[in-house]
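So the structure is just underneath, and the comments pick up after that.
The values are calculated or read from the model by the stated rules, or taken from the named source; none is laboratory data. Remember, predicted model here, so these are calculated numbers, not experimental data. Glycine gets a Cβ as well: all are built from the backbone with ideal geometry, and neighbour counts include every protein chain shown.
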Amino acid sequence: MKLDKMVKRFRIDKPKKFRLSDIDPRDTCGLDLNKEEGKLLIAERIDTLAKRQEMLYAQDSWSVLALFQAMDTAGKDGVIKHVMSGINPQGCEVHAFKAPGPEALDHDFLWRAAQRLPERGRIGIFNRSYYEEVLVVRVHPDLLKPQKLPDKVVGKAFWKERFKSIRAFERHLVRNGTKILKFHLRISKEEQRQRFLDRLDDPGKRWKFSMGDVVERGRWDDYMAAYEDMIRETSTPEAPWYVIPADDKWFARLMVSAAMVDALEDLDLSYPKVANTPELRQVREALLNEGAGPAAIKKAGKDKAA
């Protein structure tokens with residue numbers, strides 16, 4: 001099966017029928033590859049992505065926004081690090097969204113993300129995003145209190161309204177030239193347990209562990225319900241969700257890189273065409289003559305005059 005067809009398996013085109021359990025975290029589409037073979041495939045995609053990103057930057061018309069949401073240890077950082085490794089830093093910017101500070105809490109929940117949107121010609125990566133507001137905040141509704149929302153707006157339809165705001169926000173971005181890709185890296189509970197143990201057992205990884213991670217793991221079922229509802233409500237034709245199996249890190253990285261390449265190829269990018277004007281020809285001639293020495297330059301001037 002070709003990579004583009006594999007990726008389409010994980011794009012949620014019929015969200016109303018979507019169930020998170022439909023995606024097996026261990027699925028690799030039958031690819032029987034070892035780690036090194038997987039790296040070679042990923043490297044090919046990254047090379048293509050780098051070429052398309054250069055065109056994106058040169059054309060300076062479209063922008064691309066890629067969002068990553070996942071449970072702890074699912075590999076967001078690793079995917080971003082590996083997939084974006086070949087991209088010119090001038091054309092890509094990564095933002096990791098932590099808990100909102102006082103300034104963000106005094107604005108609407110989309111405000112701080114809007115400050116970090118990619119410029120035309122660039123790729124923006126959100127490591128977590130405004131979707132935290134319908135995931136973590138939904139699982140822990142007490143986090144709404146610091147937002148100081150009027151009681152009138154926090155009613156029965158509150159989460160539906162937030163989904164509606166997100167859909168409108170993303171439609172607005174797409175209408176103004178931003179290509180949006182949204183990735184949920186789906187990891188199994190057992191794989192997360194093993195990765196937590198790896199962190200605890202490896203002194204070089206132990207710093208990544210937080211007791212808060214264990215607390216959130218205890219709300220696993222609540223998070224799965226929140227993710228499923230979020231994807232069903234916000235996977236749209238213009239801004240689809242990709243639910244990527246992530247128990248095998250190499251496969252998750254391969255699928256994300258393939259989806260990114262497909263997205264940029266859909267934009268029909270090209271380098272700007274610049275006419276070979278008389279001014280440019282004069283500059284070229286002058287540059288060629290710089291290395292020819294004074295006598296050659298003088299002779300070229302006489303030949304031109306003749």
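Here are the numbers for this structure:
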item	result
Tally, over the stretch 96-116, of residues that are outside any helix (DSSP H, G or I) and either basic (Lys, Arg) or closer than 17 Å to Thr178 by Cα (or both)	4
Residue ID - farthest from Arg232 (Cα to Cα), chosen from residues in the stretch 6-23 that are in a loop (DSSP other than H, G, I, E, B) and either modelled with pLDDT under 95 or of a type in the set (D, E, K, R) (or both)	Asp13
Yes/no for Asp47 being among the acidic types (Asp, Glu), surrounded by fewer than 20 Cβ atoms within 10 Å (Cβ to Cβ) and closer than 23 Å to Trp220 by Cα	no
Residue, surrounded by the most Cβ atoms within 10 Å (Cβ to Cβ), within the stretch 213-252, restricted to residues that are part of a strand (DSSP E or B) and among the aliphatic types (A, V, I, L, M)	Ile244
Lone unmet requirement of (1) at pLDDT below 95; (2) in contact with a Phe, Trp or Tyr (Cβ under 6 Å, 6 or more places away or on another chain) for Gln69	(1)
Options Glu119, Glu132: the member that is among the acidic types (Asp, Glu), more than 16 Å from Ala168 (Cβ to Cβ) and touching a Phe, Trp or Tyr at 6+ places or on another chain (Cβ under 9 Å)	Glu132
Positions within the stretch 81-113 being among the aliphatic types (A, V, I, L, M) and touching a residue at least 24 places away in the same chain (Cβ under 8 Å), in sequence order	Val83, Met84, Ile87, Val94, Ala96, Leu105, Leu110
Residue list for the stretch 167-177, restricted to those being under 17 Å from Phe109 (Cβ atoms) and either loosely packed, with under 12 Cβ neighbours inside 10 Å or at pLDDT below 95 (or both)	Ala168, His172
Restricting the stretch 183-208 to residues that are outside any helix (DSSP H, G or I) and at pLDDT 95 or above, the residue that is farthest from Ala114 (Cα to Cα)	Ser188
Out of Ala239, Ala305, Ala296, sole residue that is modelled with pLDDT of 95 or more and either closer than 17 Å to Phe68 by Cα or not assigned by TED's automatic domain parsing to the domain that holds Met71 (or both)	Ala239
Residue match in the stretch 127-137 (condition: among the aliphatic types (A, V, I, L, M), surrounded by 18 or more Cβ atoms within 10 Å (Cβ to Cβ), within 14 Å of Arg162 (Cα to Cα) and in contact with a strand residue (DSSP E or B) (Cβ under 8 Å, 6 or more places away or on another chain))	yes
So Asp213, is it modelled with pLDDT under 95 and touching an Asp or Glu at 6+ places or on another chain (Cβ under 6 Å)	yes
Cross-chain or 6+ apart pairs with Cβ under 6 Å, the stretch 178-206 first and surrounded by 12 or more Cβ atoms within 10 Å (Cβ to Cβ), then of a type in the set (Ser, Thr, Tyr)	Thr178/Ser63; Phe183/Tyr242; Gln192/Thr73; Arg195/Thr73
Selected residue (only one of Leu41, Leu65, Leu33 is farther than 15 Å from Lys249 by Cβ, in contact (Cβ under 8 Å) with a residue 60 or more places away in the chain and either in the same structural domain as Arg219 (by TED's automatic domain parsing) or part of a strand (DSSP E or B) (or both))	Leu65
Matching residues in the stretch 253-291 - criterion: being part of a loop (DSSP other than H, G, I, E, B) and of a type in the set (Asp, Glu)	Asp268
Residue satisfying all of: in the stretch 127-182; part of a loop (DSSP other than H, G, I, E, B) and over 25 Å from Asp221 (Cα atoms); nearest to the chain's Cα centre (by Cα) among these	Gly177
